Amino acid sequence: MATVQVSEAEKVYVMHGVRDDLRVDGRGCEDYRHMEIETDVVSNTDGSAKVSLGHTDILVGIKAEIGKPRPMVPDEGYLEFFVDCSANATPEFEGRGGEELGVELSNTLYKVFNNRHSLDLRSLCICPGEHCWVLYVDVLLLQCDGNLFDAMSIAIKAALFNTRIPKVHISEDEEGVKEIELSDDPYDCMRLNVENVPCIVTLCKIAHRHVVDATLQEKACSVASLLISVTHKGMVTCVRKLGRGSLDPDSIFEMTETGKRVGKALHAPLMELLQKEESLGKKRQKVGFLA
């Protein structure tokens, strides 16, 4: 994970600000930085999105391919995650550092998103036990300024909302052999229900308080963090502790309640924004370096 060096005087300044609910950039402890979301930014994918959270930039592309269901769940499709940490984001991502972080991030995303509580995996089944849709989710870290998990989860939810999977028609010949035909009509497609797809809220413990959407400077002042994935109804689907420090039970309870409250409040404006952008159609003005 990208880090910065912070002096003792700077740490004291940050901790005193957090204590008074006034962070270095003027935010409160439960406020996110300015966020920009753009979907349908990569032409050769079935769904894509780009999210900028402060100076953290995430690009997500999703490709749908036909594969074989897993033996334990023959009536469900599944997701595969791959995270690429660009060396341009920070020198720490060069070589093995970026590879190890990418694997760690991929494993966490798999636990959060690849389950029936987050996404209707049965809708990805084509023929039970034989064929299903496999969604390959590629995440590219373009720039890192803290809070990677939150930015990635928002980008993945936006990309899943933008994903269009071709309709499948199954026919049998005289010998009973099944043939799969994909629709050529770009409007004859299946959309995913992303209502229950969770958003990740990462809370960093700084002194006796905790903050949402920590910058790299604030992260350097934190002893430990708690990662919480929350649905639109406020249900927690995954909890993970990050960092070398420890958290007492009271802090964990307080951070969990804050994460549930912040995560639940994040879903409604996000879905409203995605639906508004989609309603513009071709009138939508593309921005950013992919315009």
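The values are calculated or read from the model by the stated rules, or taken from the named source; none is laboratory data. Owing to the predicted nature of the structure, the values given are computational and were not obtained by experimental measurement. Here the Cβ is made from the backbone with ideal geometry for all residues, glycine too, and neighbour counts use every protein chain on show. All accessible areas refer to the heavy atoms of the entire protein, side chains included, with ligands and DNA or RNA removed. Shrake-Rupley method; radii C 1.70, N 1.55, O 1.52, S 1.80 Å.
Things to note:
- Selected residue [open to solvent by less than 50 Å² (accessible area, probe 1.4 Å) and either out of contact with any helix residue (DSSP H, G or I) (no Cβ under 6 Å at 6 or more places or on another chain) or closer than 30 Å to Val6 by Cα (or both)] from Lys178, Lys233, Lys157, Lys167: Lys157
- Per-region count, the range 221-230, residues in a loop (DSSP other than H, G, I, E, B) and surrounded by 19 or more Cβ atoms within 10 Å (Cβ to Cβ): 2
Residue-wise test of (1) in a strand (DSSP E or B); (2) at pLDDT 90 or above; (3) under 19 Å from Leu203 (Cα atoms).
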position	(1), (2), (3)
Gln5	no, no, no
His16	no, yes, yes
Asp31	no, yes, yes
Pro74	no, yes, no
Phe81	yes, yes, no
Ala87	no, no, no
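- So Leu135, is it over 11 Å from the mean Cα position of the chain (by Cα), under 14 Å from Asp46 (Cα atoms), of a type in the set (A, V, I, L, M) and open to solvent by less than 30 Å² (accessible area, probe 1.4 Å): yes
- Qualifying residues in the range 200-215 (those that are assigned to a loop (DSSP other than H, G, I, E, B) and not small (Gly, Ala, Ser)) - the one nearest to Thr108 (Cα to Cα): Asp213
- In the range 25-48, the residues that are surrounded by 17 or more Cβ atoms within 10 Å (Cβ to Cβ) and among the aromatic types (Phe, Trp, Tyr) form Cβ pairs under 9 Å with partners that are modelled with pLDDT of 90 or more and not in a loop (DSSP other than H, G, I, E, B), at six or more places apart or across chains, as follows: Tyr32/Leu53; Tyr32/Asp150; Tyr32/Val212; Tyr32/Val262; Tyr32/Leu266.
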